[in-house]
1. Can you run phi through the Karplus equation (6.51, -1.76, 1.60; θ = phi - 60°) for the stretch 178-184 and list ³J(HN,Hα) in whole Hz, with x for Gly and Pro?
2. From a point 7 Å beyond the Cα of residue 52 in the direction of its Cβ, which residues of the stretch 1-22 have a backbone N at a distance under 20 Å?
3. In a shell of Cβ-Cβ distance under 13 Å around residue 209, excluding residue 209 itself, what net charge do Lys and Arg (+1) and Asp and Glu (-1) give?
4. For the stretch 190-251, what is the relative contact order in percent, using Cα pairs closer than 8 Å and at least 6 residues apart in sequence?
5. Using the Cβ atoms and a cut-off under 13 Å, what net charge is assigned to the surroundings of residue 221, where Lys and Arg are +1 and Asp and Glu are -1?
6. What does the net charge come to around residue 41 if you take all other residues with beta carbon closer than 12 Å to its beta carbon, with K and R at +1 and D and E at -1?
7. For 122, 69, which order do you get if you count the other beta carbons within 10 Å of each Cβ and list the fewest first?
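None of the figures in this text is laboratory data; all of them are computed from the coordinates on show. Model, not experiment: these values are computed from the prediction. Every residue, glycine as well, gets a Cβ built from its backbone with ideal geometry; the counts of neighbours run over all protein chains shown.
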Amino acid sequence: MNLLAVESATNLVGAAVVTGDRAVERSHQGGRRHAESLIPAVEEVLALAGLAAADLDAVAVDVGPGLFTGLRVGVATAKALAQGLGIGVVPVGSLDILAAGAWEVAGGAGADDPDRLDGPPTTVVPMVDARRGEVFAARYDLGSDGGSNDATVATGPADPADVRSSGPELLTPGALAARLAGIEPGPGGRLLVVGDGAVRYLDVLMTAGMADLTLAERVSSPSPLTLARLAARRLAAGATPVAPGEVVPDYRREADARINWEQRTPPTPAPPAP
């Protein structure tokens with residue numbers, strides 16, 4: 001299976017390729033230059049993997065929630081590539097990718113690394129900065145996968161979607177901090193909070209008691225390689241790629257430009273009474 005992953009839901013823009021024995025990734029913080037940056041990243045990872053576009057079997061894409069323009073660019077690129085190549089698309093949510101990334105980083109830490117996950121099940125809450133003083137967030141409870149098994153706790157479940165207990169939701173950082181303060185991860189467990197939303201609103205979240213923010217910077221954006229690995233696991237578990245025309249971005253709200261326009265447009269006066 002040769003799979004290309006396209007990531008542009010946040011400020012990070014990039015692509016990754018996984019094959020039977022190789023995995024390559026290229027990404028950078030793209031700011032607002034998603035359209036200019038994504039195709040060169042795709043071309044580079046294909047070249048590094050020694051593949052032509054025609055060698056691909058599927059395309060995975062982050063469908064959000066995330067930045068409106070970034071999602072449009074990433075989804076349109078994935079759909080165009082898949083349509084042209086006659087292959088399917090694996091849509092994956094940004095918060096699932098961040099949760100998987102948190103488990104990859106924490107579980108892969110060295111034995112003496114304080115980031116390493118040991119012991120009871122852990123809760124992960126990824127946050128994506130939605131701008132306008134809001135975040136997209138979801139909650140993942142590793143214990144709901146049945147897993148106090150040491151290996152499962154260290155690496156996370158095969159698919160974070162299997163243990164998502166709430167979300168995705170659009171919230172204010174203060175409202176999310178209040179929810180986090182009410183989560184009890186269990187004796188020795190961790191409540192990991194990651195994502196660029198956590199980085200931006202670190203001061204607000206530090207009021208959330210048991211919240212562990214040590215990985216917020218390290219897992220601040222969905223990784224193209226994590227997206228590729230998660231999509232590959234879903235395919236190996238029996239998921240079927242969808243037709244390009246069926247892929248829809250998860251915007252969760254209107255574009256900022258539309259919101260600004262509606263706020264500036266005066267309300268239509270009521271018709272005069274008869």
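1. Karplus values, whole Hz, x for Gly and Pro: 5, 5, 4, 5, x, 8, 10.
2. 1-5, 17-20
3. So the environment of residue 209 carries a net charge of 0.
4. Once divided by the residue count of the stretch 190-251, the mean separation gives 32 percent.
5. My count for the surroundings of residue 221 gives -4.
6. Working: positive: 26, 33; negative: 7, 25, 36, 43, 44.
Local net charge: -3.
7. Neighbour counts put them in this order, fewest first: 69, 122.
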